[in-house]
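Please treat every number below as a calculation from the coordinates, not as lab data. Given the structure is predicted, the values throughout are model-derived calculations rather than measurements. Note that we place each Cβ from the backbone using ideal geometry, even for glycine, and neighbour counts take in every protein chain shown.
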Amino acid sequence: TELVNTTLNTVSHTLLEGMALVVLVLILFLGNWRGALLVALTTPFSLLIAFILMHITGIPANLLSLGTIDFGIIVDGSIVMMETVLKKRESYPGELLTEDAILDRTVQVARPIVFSTLIIITAYLPLFAFEHIESKLFTPMAYTVGYALLGALAVALLLIPGLAFHAYVKPRNVYRNRWLEKLSEIYHHQTVRLLDRPGRVLLPLIIILLAGGGLSYTVGKDFLPPLDEGSIWIQVQLPPGISIEKSKKMGAELRNILSAFDEVSYVMTQVGRDDEGAEAFSLSHVECAVGLKPYNTWKHGKTKTDLIEEMSQKLSSLPGYSVGFSQPIIDMVMDQVAGTHSDLALKIYGEDITETRHVAERITEILKKIPGAADVAVDQEPPLPQLQIVADRERIAQYGLNVSDVTELIELAIGGAAVSQIYAGSKSYDVICRFDEESRNSPEKIGDLLLTSASGAKIPLSQVCDIRMTTGASTITREMNKRHLTVRVNLRGADLTGFLRQANKLIGQQILYNRDTIRLKWAGQFENQSRAYSRLGVIVPLALGVMLLLLFGACGKFRQAALMMSVVPLALFGGMLALSVRGMTLNVSSAVGFIALIGVAIQNGVIMLSQINHLRESGHELKEAVIAGTRHRFRPILMTATVAVLGLLPASVSTGIGSDVQRPLATVIVYGLFFATIVTLYILPSLYYLVENHYLKRNQPE
């Protein structure tokens, strides 16, 4: 379909742009195409392994399984391995490299590479705990990223050392990146000054933590970002009880109005229930499909949200039209999940239909006043005029009649009864007999219909029945055998959590009802959000615990493992700041980005502290080991962070169809990792020095 093709085109562009940026950064940092090409080989080999494992396990290749792969993260292990061999060549440009020397170097970095990769894979474990729609969206991503990282780990450990050895075995003058060396020298002097007074990082640390907590509270929260399908689906409610001719006429007027917009390519309407009869829609309900022209043909700066706002204003000015805007796929999903065609729904349960309708209408008026609420209405049609015929059994018996005589007359006169059949080939059709309209178009004329008793007497229907006009519910909806009405609402420019907080407050203050007989329950996106966040609230701490055990295995000291875990809240500040600045919300997509960010941020800490610990084991003093280790790991950390950031940068700024799920995730990783790198380069070494120095002083003999 056009939607699938457009989505695949968007994903392909972001992936190719990310891969190109990664290769360019590698060439810029390594200074030669040979080393950059060797590292870049990680991408096709890791994807090959991932595709093989995806085929074996039945994971599809689609927007979410492939579109969120950060090739910068995939090549991180290979970068560290290549940089280790390259640093050996740079240190001894005139000597022939030996296999033993390279083996020693690769074994030294193999352990942190393995543990850092396992930590990133562990970070994705919470995605396997998702259920329902969020599981369909993000679990394939967890499988794909995990498979690709395992493939990249195999390439970094088994392929890169041999290829790098053959590429740099002979003596040669290696390109020296002057600007990077100068940057490394600046960083070295800053580190030396910082370690003279390492306590200076504590105040900024506290400020960052407090700011991160404040941003976590103030940033908007949703279930999923709006997913653009490239079209519009409109639910239109016409006046109840409308005739089919008037409904068709208003449907045609609706098509004409919407077709007048330059951005619209086609408009189709469907009156009443569909062919399958899955929805109990009456003739006053119209579903409208609106196709859109490609966005690059629209007026500069105009968005789909602007178009929907213009359509809403135009239709709201016309009498008799109550509209709700959505999209075809999400409309169907929300109907299946929550039983309503809107982002959010408030279900009002109660056996008294009149009282329930009264509460629903008062809540509707309140919700309309909340900023961000749109298309607010009671989903069920209002009460309609009804003809009630109440049989008087005593009088029926007095005239020698049965109740069945009364019902048969009513059925024949008003509804019609089958009196014969005709055949057309293999098909048969009932012949329906019904009184003409002139004989049944008012309660009085229906009361004049005659019954025939056993004695042959003619008795008017009004003599044995009470016939009157009243109003009553045209539809009664039930859920779990309980009657309910639904107030539907779409959100535009408001986050789900903030809207619900304000709505619940106003409803609690202004709506009085009997809580013993009437119950309110939010449904729709709120149910999905609550379910997903509650699962994450349990699984994420468990995943962090597994990471802590892996870190303990990597460094052998619990205090150092805990120190590396302290990077997590600092890294989250950068992601929260990015969401706030860009006007995005914290949703399942951005939460997945935070999960990935945690793994990558810890990975850089592992690379940094493993080198410092190695130098201390080699006999260096604490401060000397920290200074030398940070300088030694400056280039690989800067490279891995830069390629990881640039690998997802195209996805973070993409606006095409299919980029909606990628964009929050990529935004969190790109900007959060930028801040996490600063934390790893400056704050982590200072905290390490403070902790280890305190530990050494405490264990010194007096």
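Using +1 at the C-beta of Lys and Arg and -1 at the C-beta of Asp and Glu, which of 101, 587, 205 has the Cα lying farthest in the positive direction of the dipole of the chain?
Checked the options; the winner is 101.
Taking the Cβ of residue 198 as the centre, find all other residues whose Cβ is under 13 Å away and add up their charges (Lys, Arg: +1; Asp, Glu: -1).
Spelling it out: positives minus negatives among the neighbours equals +2.
Under 15 Å from a label point 7 Å along Cα→Cβ of residue 266: give me every residue in segment 303-333 with its amide N that close.
328
For residue 512 and residue 384, compute 0.36 nm times the residue count separating them, minus their Cα-Cα distance, and round to one decimal in nm. All intermediate terms of the calculation are to be shown ahead of the outcome.
Numbers: separation 128, 0.36 × 128 = 46.08 nm, distance 2.59 nm.
This chain segment gains 43.5 nm when fully extended.
Within a Cβ distance under 14 Å of residue 251, other residues only, what is the Lys/Arg minus Asp/Glu net charge?
Charge balance in the 14 Å sphere: +1.
If you count, for each residue, the other Cβ atoms within 10 Å and average over each peptide, how do 367-373, 117-123, 430-436, 357-363 line up from highest to lowest?
Result, highest mean first: 117-123, 357-363, 367-373, 430-436.
Relative contact order of segment 385-472, please, whole-number percent, based on alpha carbon pairs below 8 angstrom and at least 6 residues apart. Don't jump to the answer; show the numbers that get you there.
Details: 117 pairs, mean separation 35.4, N = 88.
It comes to 40 percent, rounded to a whole number.
Quick one: 471, 139, fewest Cβ neighbours within 10 Å first, how do they rank? Don't skip to the end; give the middle numbers.
Details: 471 11, 139 19.
Fewest-to-most ranking of 471, 139: 471, 139.
Test of understanding: what is the full-extension gain from residue 246 to residue 206, defined as 0.36 nm times their sequence separation minus their Cα-Cα distance? Don't skip to the end; give the middle numbers.
Numbers: separation 40, 0.36 × 40 = 14.40 nm, distance 6.71 nm.
Length gained, residue 246 through residue 206: 7.7 nm.
Taking the alpha carbon gyration tensor of segment 385-472, what are the square roots of 5 times its eigenvalues, largest first, to the nearest whole Å?
Semi-axes (√(5λ), whole Å): 27, 18, 11.
Return the distance in nm (one decimal) between the two label points of a simple spin-label model at residue 558 and residue 483, each offset 7 Å from Cα along Cα→Cβ.
That separation, rounded to one decimal, is 6.2 nm.
If you find the alpha carbon centre of segment 425-467 and of segment 177-217, how far apart are they in angstrom?
Answer, in whole Å: 91.
Can you work out the Karplus-derived ³J(HN,Hα) for every residue in segment 663-676? Use 6.51 cos²θ - 1.76 cosθ + 1.60 with θ = phi - 60°, whole Hz, and x for glycine or proline.
4, x, 4, 5, 4, 4, 5, 4, 7, x, 5, 4, 6, 5
Listed highest first by mean packing, meaning other Cβ atoms within 10 Å per residue, what order do 418-424, 627-633 come in?
627-633, 418-424
Can you list the residues, at least 5 places off or on another chain, whose amide H is less than 5 Å from the amide H of residue 220, using H built in the peptide plane?
586
What's the angle, to the nearest 10 degrees (0 to 90), between helix 353-368's Cα axis and the longest principal axis of the chain?
The two axes meet at around 40 degrees.
Roughly how big is the chain's charge dipole about its Cα centre, with Cβ charges of +1 (Lys, Arg) and -1 (Asp, Glu), in debye to the nearest 20?
Computed about the Cα centre, the dipole is about 2920 debye.
Can you give the angle from 0 to 90° between the axis of helix 2-30 and the longest principal axis of the chain, with both taken from C-alpha atoms, to the nearest 10?
10 degrees
So how tilted is helix 525-555 from the main axis of the chain? Cα-based, degrees 0 to 90, rounded to 10.
20 degrees
Which of the peptides 602-609, 637-644, 190-197, 560-567 is most tightly packed, and how do the rest follow, judged by the mean count of other Cβ atoms within 10 Å per residue?
In decreasing order of mean packing, 602-609, 637-644, 190-197, 560-567 become 602-609, 637-644, 560-567, 190-197.
How far apart, in nanometres, would the label points at residue 96 and residue 538 be if each is projected 7 angstrom from Cα along the Cα-to-Cβ direction?
Going from the residue 96 label point to the residue 538 one covers 6.3 nm.
What value, in deg cm²/dmol to 500, does the helix sum -39500 (n - 2.57) over DSSP H runs of n ≥ 4 give at 222 nm once divided by the residues of the chain?
-19500 deg cm²/dmol
Any lysines with Cα under 29 Å of the residue 182 Cα? List them, leaving off those in the same chain fewer than 8 positions away.
Excluding near neighbours in sequence, the set is 87, 88, 170, 623.
Restricting to Cα atoms and excluding each atom paired with itself, what does the Kirkwood estimate give for segment 550-702 in Å? Mind dumping the intermediate values first?
Working: mean 1/r = 0.0610 Å⁻¹.
By the Kirkwood definition, the hydrodynamic radius is 16.4 Å.
Can you work out the Karplus-derived ³J(HN,Hα) for every residue in segment 183-188? Use 6.51 cos²θ - 1.76 cosθ + 1.60 with θ = phi - 60°, whole Hz, and x for glycine or proline.
Karplus-based 3J(HN,Hα) across segment 183-188 equals 5, 5, 5, 4, 4, 4 Hz.
Quick one: order 47, 586 by neighbouring beta-carbon count within 10 Å, fewest to most.
So the ranking, lowest neighbour count to highest, is 47, 586.
For residue 445, list the lysines whose Cα falls under 20 Å from its own Cα; do not include residues on the same chain fewer than 8 positions away.
Within the straight-line cut-off, residue 445 pairs with 458.
Evaluate E = 1/(1 + (r/R0)^6) for residue 259 and residue 621, where r is the Cβ-Cβ distance and R0 equals 56 Å; express this FRET efficiency to the nearest 0.05.
Calculated value: 0.10.
In nm, what is the difference between 0.36 nm times the number of residues separating residue 298 and residue 452 and their Cα-Cα distance?
The span from residue 298 to residue 452 would gain 48.3 nm if fully extended.
Around residue 215, with a cut-off of 14 angstrom between Cβ atoms, what is the net charge of the other residues, counting Lys and Arg +1 and Asp and Glu -1?
+1
Which entries of 136/482; 221/347; 246/427; 304/368; 136/299; 347/368 have Cα-Cα distances beyond 25 Å here? Don't skip to the end; give the middle numbers.
Details: 136/482 30 Å; 221/347 22 Å; 246/427 32 Å; 304/368 22 Å; 136/299 35 Å; 347/368 16 Å.
Violating the 25 Å limit, Cα to Cα: 136/482; 246/427; 136/299.
Using +1 on the beta carbon of Lys and Arg, -1 on that of Asp and Glu, and nothing else charged, what's the dipole of segment 99-239 about the Cα centre, debye to 20?
Working: 12 positive and 11 negative charges, 149 e Å.
Result for segment 99-239 is approximately 720 debye, rounded to the nearest 20.
For the chain, would you read off the P(r) tail past 50 Å as a percentage of all alpha carbon pairs?
That tail contains 34 percent of the Cα-Cα pairs.
Quick one: 3J(HN,Hα) in Hz for segment 341-348, Karplus 6.51/-1.76/1.60 with θ = phi - 60°, rounded, Gly and Pro as x.
Those phi angles translate into 9, 7, 5, 9, 9, 10, 8, 10 Hz.
Any idea how far apart residue 435 and residue 412 come out in nm if each label point goes 7 Å out from Cα toward Cβ?
Distance between the two pseudo-spin positions: 1.1 nm.
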